[in-house]
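Student: Quick one: the structure is below, and I'll ask about it shortly.
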Amino acid sequence: MIGKLKGMIDSFGDDHVLIDCGGVCYEAFCSSRTLQALPRVGEAGVLFIETIVREDMIRLYGFATETEKASFILLSTVQGVGARVALSILSVLSPSELSSAIALQDKAMIGRANGVGPKLAVRLVTELKGKVPTGVGIDAGTLGLQAALGEGVAPGAIADAVSALTNLGYSSAQASAALARIVAREGDGVPTEKLIRLGLRELSS
């Protein structure tokens, strides 16, 4: 079983890369995020590999980090999510953004990916609720706040502040993470206007 490839980048395709390992070129299908993160042709690169074997094919899927690979495996546990859809999701969401979307039950965030319709987005956030890919660095306070927001049990001032910040163009994940840090410093009971003001300061620093 191939777990990792180290070699020279030979060439890129729309959805894959060829990596030359000692004269043998391996084709690995990747998310657009991973393809963009890889070095240029002729330079050394590393890919973490997940191998999928079927009756009619053997295909390698490559990832820039072990965390992205863990996210791919987690997504693949959901019925209706094949490798192509999983890569599509990871092309628009980083592993931490995916975890935030799941914690917030944010169907629209996951629905941004090609191939993810409304029904599949609901299934994804429902079946993956409470699950976090291995290695995702989200602190407990942030996850707790995101879960409370997703379940509609966060304090009204915090929920209103998250809504205000997202209306200003920040993602739900960014807003909830910033407010989690503020609540950890300031404690509970901070009014909405102050939360928004502090949140903007936190997000712009």
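The values are calculated or read from the model by the stated rules, or taken from the named source; none is laboratory data. What you see is a predicted model, and the numbers here were worked out from it, not measured in a lab. Methodologically, a virtual Cβ is constructed for each residue, glycine included, from the backbone with ideal geometry; neighbour enumeration extends over all protein chains shown. For accessibility, only protein heavy atoms count, side chains too; no ligands or nucleic acids. Shrake-Rupley method; radii C 1.70, N 1.55, O 1.52, S 1.80 Å.
Student: Go through the range 96-120 and give me each residue that's within 20 Å of residue 179 (Cα to Cα) and within 12 Å of the chain's Cα centre (by Cα).
Tutor: Correct list: 96, 97, 98, 99, 100, 101, 102, 103, 109.
Student: Something else now. What do you reckon, is residue 193 surrounded by fewer than 18 Cβ atoms within 10 Å (Cβ to Cβ) and touching a Leu at 6+ places or on another chain (Cβ under 8 Å)?
Tutor: On the way: surrounded by fewer than 18 Cβ atoms within 10 Å (Cβ to Cβ): yes; touching a Leu at 6+ places or on another chain (Cβ under 8 Å): no.
So residue 193 does not fit the description; no.
Student: Report, by residue number, each residue of the range 160-181 that is surrounded by fewer than 19 Cβ atoms within 10 Å (Cβ to Cβ), assigned to a helix (DSSP H, G or I) and modelled with pLDDT under 80.
Tutor: Residues satisfying the conditions are 174, 181.
Student: Which residue pairs have Cβ atoms closer than 8 Å, lie 6 or more positions apart in sequence or on different chains, and pair a first residue in the range 161-187 that is charged (D, E, K, R) with a second residue that is open to solvent by less than 70 Å² (accessible area, probe 1.4 Å)?
Tutor: As it stands, the answer is 181/141; 181/142; 181/202; 186/198, since those pairs meet every condition given.
Student: Residue 78 passes all but one of (1) open to solvent by 10 Å² or more (accessible area, probe 1.4 Å); (2) part of a loop (DSSP other than H, G, I, E, B); which number fails?
Tutor: In the conditions (1) open to solvent by 10 Å² or more (accessible area, probe 1.4 Å); (2) part of a loop (DSSP other than H, G, I, E, B), residue 78 misses (1) alone.
Student: Please work out if residue 63 is touching a helix residue (DSSP H, G or I) at 6+ places or on another chain (Cβ under 6 Å), modelled with pLDDT of 95 or more and either within 19 Å of residue 98 (Cβ to Cβ) or aliphatic (A, V, I, L, M) (or both). So that I can check it myself, show each step before the final result.
Tutor: Values: touching a helix residue (DSSP H, G or I) at 6+ places or on another chain (Cβ under 6 Å): yes; modelled with pLDDT of 95 or more: yes; either within 19 Å of residue 98 (Cβ to Cβ) or aliphatic (A, V, I, L, M) (or both): yes.
When the stated conditions are applied, residue 63 passes them.
Student: Every residue in the range 6-15 that is within 25 Å of the chain's Cα centre (by Cα), touching a residue at least 24 places away in the same chain (Cβ under 8 Å) and closer than 13 Å to residue 29 by Cα, please.
Tutor: Matches in the range 6-15: 12, 15.
Student: (1) touching a helix residue (DSSP H, G or I) at 6+ places or on another chain (Cβ under 7 Å); (2) open to solvent by less than 40 Å² (accessible area, probe 1.4 Å): which one isn't true of residue 33, the others all being true?
Tutor: (2)
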